[in-house]
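Engineer: Can you keep this structure in mind? I'll have questions shortly.
The values are calculated or read from the model by the stated rules, or taken from the named source; none is laboratory data. The structure displayed is predicted, hence computed values, not measured ones. Methodologically, a virtual Cβ is constructed for each residue, glycine included, from the backbone with ideal geometry; neighbour enumeration extends over all protein chains shown. SASA here: full protein model, heavy atoms, side chains in, ligands and nucleic acids out. Shrake-Rupley method; radii C 1.70, N 1.55, O 1.52, S 1.80 Å.
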2 protein chains.
Amino acid sequence: MTGNTRFAVSVHVLAYLAFKDGGQTTSAEIASSVNTNPVVIRRLLSALVKSRLVIAHKGAAGGFSLASAPAKITLLDIYRAVEPQPDHGLDRFVPNTKCPVGSRIETILRTAFFKAQTGMEAQLAATSLADVHQQLKGVCTAKK
Amino acid sequence: MTGNTRFAVSVHVLAYLAFKDGGQTTSAEIASSVNTNPVVIRRLLSALVKSRLVIAHKGAAGGFSLASAPAKITLLDIYRAVEPQPDHGLDRFVPNTKCPVGSRIETILRTAFFKAQTGMEAQLAATSLADVHQQLKGVCTAKK
DNA sequence: CTTTTGGGTAACATATTTGGTTACATTACA
DNA sequence: TGTAATGTAACCAAATATGTTACCCAAAAG
């Protein structure tokens, strides 16, 4: 195993909401689809609400719904909402500054990691929740 | 903090070996530059030796040296040597297959994660240990 | 051939992260 | 007012990461 399941579960959650097409859905119902505890779902949704991807409706007859059209939500939006900025351990990485390598490597690593992250995020930005929704419905339009 | 320090430390280690320019270096010396325990370094180097990036010399007067020219070693080589294949938690992700979303989301996620990973790896492949070495020496040739 | 030096690796301790769970306050609708 | 939902804190257990000690083995030096 590598990494946590937050991003995977979050995409699942938003895909579920897209599938429900605007209707409100409770955390319990989503949790049943994800096979986990409603609190786990609400924790993730809390972050997604803060990032304005989802709207929470409190009180009886409450639930969650998408804050915007699936075509306007990319996987990158979701990723950024639920994942901390990755640093590849750079904050725990404290080399010996007396060493010519140790004193200069950190900046080099930061640059390299930033480029790698950018490359990944560009790919995430290329897929929208609408794309996911299309695939979910098994609809295959003629082209692509 | 996010992620482990294996990749960052490994790049540091190989940069150190490149800096030593072919000479053998002990795990103790490298550990001093990284500010950690020699065993930690040897554990990482063990993976790098298995991936043929480094040669280990046992016995007295032993040590480690690069297995090939820095220009032939990319950050992607290092990344693959020391990091497990990331799966974004997909092996722990077991949605409810009775649900139309849960039953189909996994394949969609796999595709998305693969694209993201590919985007990141392309960037890592674009930087070689020779590039890192250049930056370390502070050498700035006229063009980029 | 014995000593010395250094890699290889198992074993263990500790800290952190993650995900699940319970509990409970708050909100809003009927 | 009662009910059903979110919001969130608190806690636990499992997994992970890193440091550390210990000990084996290999190879050069003498």
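Engineer: Quickly work out the A:ASN4-to-A:ALA69 label distance, labels modelled 7 Å from Cα along the C-beta direction, and quote it in nm with one decimal.
Structural biologist: So the two model labels end up 3.3 nm from each other.
Engineer: Also, I was wondering about something else. If one computes the Cα centroid of region B:1-73 and of region B:75-144, what distance in Å separates the two points?
Structural biologist: 22
Engineer: Accessible area of B:ARG6, 1.4 Å probe, to the nearest 10 Å²?
Structural biologist: Spelled out: B:ARG6, probe radius 1.4 Å, area about 90 Å².
Engineer: Using r as the Cβ-Cβ distance of A:ALA56 and B:ASP91, and R0 as 22 Å, what FRET efficiency do you calculate, to the nearest 0.05?
Structural biologist: Step by step, r from the Cβ atoms, then E = 0.15.
Engineer: Sort shortest first the distances from A:PRO84 to its counterpart in every other copy, using label points 7 Å along the Cα-to-beta-carbon line, and give them in nm.
Structural biologist: Label-point separations across copies, in nm and ascending: 2.0.
Engineer: Using packing as a proxy for protection, rank B:82-88, B:27-33 so that the peptide with the highest average count of other Cβ atoms within 10 Å comes first.
Structural biologist: B:27-33, B:82-88
Engineer: Which whole DSSP H helices in chain A pass both tests: a Cα extent of 24 Å or more along the axis and a mean Kyte-Doolittle value no lower than -1.0?
Structural biologist: Once both thresholds are applied, what remains is A:105-125.
Engineer: Now, a different point. From the Cα trace of region B:1-142, what convex hull volume per residue do you get, rounded to a whole Å³?
Structural biologist: Considering the Cα atoms of region B:1-142, their hull volume per residue is 146 Å³.
Engineer: Related question: So with the 1.4 Å probe, I'd like the accessible area per residue for the protein assembly as shown, rounded to whole Å².
Structural biologist: 51
Engineer: Then there is this: Taking R0 as 30 Å, what FRET efficiency do you get between B:ASP131 and A:LYS98 from their Cβ-Cβ distance, rounded to the nearest 0.05?
Structural biologist: Rounded to the nearest 0.05, the efficiency is 0.80.
Engineer: Follow-up. What does the structure give for A:83-90 when I average, per residue, the other chain Cβ atoms found within 10 Å of the residue Cβ?
Structural biologist: Mean shielding by partner chains, rounded to a whole number: 5.
Engineer: Now, a different point. Could you tell me the total accessible area buried at the B-A interface, probe 1.4 Å, in square angstrom to the nearest hundred?
Structural biologist: When B and A are taken together, about 4400 Å² of accessible area is lost.
Engineer: Return the average number of partner chain Cβ atoms within 10 angstrom of each residue Cβ along peptide B:24-33.
Structural biologist: Partner Cβ neighbours, averaged per residue: 2.
Engineer: I would also like to ask the following. What aspartates and glutamates sit close enough to A:LYS20 to cross-link, taking a C-alpha to C-alpha distance under 14 Å and skipping anything fewer than 8 places away on the same chain?
Structural biologist: Reachable aspartates and glutamates: A:GLU29.
Engineer: Using only helices, what value at 222 nm comes out for chain A when you add -39,500 (n - 2.57) per DSSP H run of length 4 or more and divide by the total residues, to the nearest 500 deg cm²/dmol?
Structural biologist: Here the helix-only value at 222 nm equals -15500 deg cm²/dmol.
Engineer: Compute the label-point distances linking B:ALA69 to its equivalents in the other copies; points lie 7 Å from Cα along Cα→Cβ; give nm, one decimal, shortest first.
Structural biologist: 5.4
Engineer: Let me ask something additional. May I ask you to report, in nm to one decimal and beginning with the shortest, the distances from B:GLU106 to the same position in the other copies, taking label points 7 Å along Cα-to-Cβ?
Structural biologist: 4.3
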